[in-house]
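> Structure in structure tokens, see below.
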Amino acid sequence: MDSTNNIIRKTRKWIEHFVIRLNLCPFAKKVYDEERIRYVVLKSKNIADLTKTLLDELFFLSKTDPERIETSFIIFPHLLEDFEAYNKYLIVTDEILLEMNLTGTIQIASFHPKYQFAGTAEDTPENYTNRSPYPMLHILREESIENALKNYPDPENIPKRNIEKMNELGLEKLKNWRNES
């Protein structure tokens, strides 16, 4: 079983060597370099523990100055390892945001080692835009996203550019890079 420090190290390496290096998220570098990302590792295999951790983290972020902590990753290496089960859990995350009246304030991005966009084959390169070393939820502040997008040209085409980049790199290179992370 990986230690908490090793799980965070692998996640940070993935962010640095994949997300930032390939510029998949053009806003990631600044908060990463400023160390305003919080990493929460849940080693439990109990879904109720994940829900409690998510609630705690949403509360924490809502009370924390973004200049101190901008965003959070909840990493759960031993839970929802099956992508379909993970994907179904995302419905719960949406319901939580709605119940906490955080829709439009907080956004949850999804990353999983077996991430697969609807309508794509399992080994389609574009799936790698959301493939991570572990199942995780990335909690983002909507205001921060909006502020970052103000200074970014053509932000609505970021997903399209990422898909093109993944297809250009090709499956073999993506698999090798992922194994290096």
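No value in this document is a laboratory result; all are computed from the given coordinates. A quick note: this is a predicted structure, and the numbers were derived from the prediction, not measured. Backbone-built Cβ (ideal geometry, glycine too); neighbour counts: all protein chains shown.
> Using the structure shown, list the pairs from Lys30/Lys173; Lys88/Lys175; Lys13/Lys45; Lys88/Lys114; Lys13/Lys160; Lys29/Lys52 with a Cα-Cα distance above 19 Å, or answer none.
Exceeds cut-off: Lys30/Lys173; Lys88/Lys175; Lys13/Lys45; Lys13/Lys160; Lys29/Lys52.
> Could I ask something else about it? Under a crude label model (7 Å from the Cα following the beta-carbon direction), how far is Asp65 from Asn23 in nanometres?
3.3
> Answer with one residue from Pro153, Tyr134, Leu54: the one whose Cα lies farthest towards the positive end of the charge dipole of the range 4-180, charges on Cβ with Lys, Arg +1 and Asp, Glu -1.
Tyr134
> A follow-up question, please. Which far-off residues, 5 or more places away or on another chain, put their amide H under 5 Å from the one on Phe111, with H placed in the peptide plane?
Amide H neighbours of Phe111: Met136, His138.
> Taking only C-alpha pairs under 8 Å that are 6+ residues apart, what is the relative contact order of the chain in percent?
24
> Non-local amide H neighbours of Ile106 (under 5 Å, H modeled in plane, Pro and chain starts lacking H): which ones?
Answer set, sorted by chain and number: Glu142.
> Please list the radius of gyration and Dmax for the range 80-145, considering alpha-carbon atoms only, with Å as the unit.
Just the Cα atoms of the range 80-145 yield Rg and Dmax of 12.8, 37 Å.
> So between Asn151 and Arg12, what do we pick up on full extension, going 0.36 nm a residue minus the alpha carbon distance?
47.5 nm is the gain from fully extending Asn151 to Arg12.
> Convert each backbone phi in the range 21-38 into a coupling constant with the Karplus relation 6.51 cos²θ - 1.76 cosθ + 1.60 (shift: θ = phi - 60°), then list the ³J(HN,Hα) values in order as whole Hz, x for Gly and Pro.
Result, ordered by residue: 4, 8, 6, 5, 10, x, 9, 5, 4, 4, 5, 5, 4, 7, 6, 10, 10, 9 Hz.
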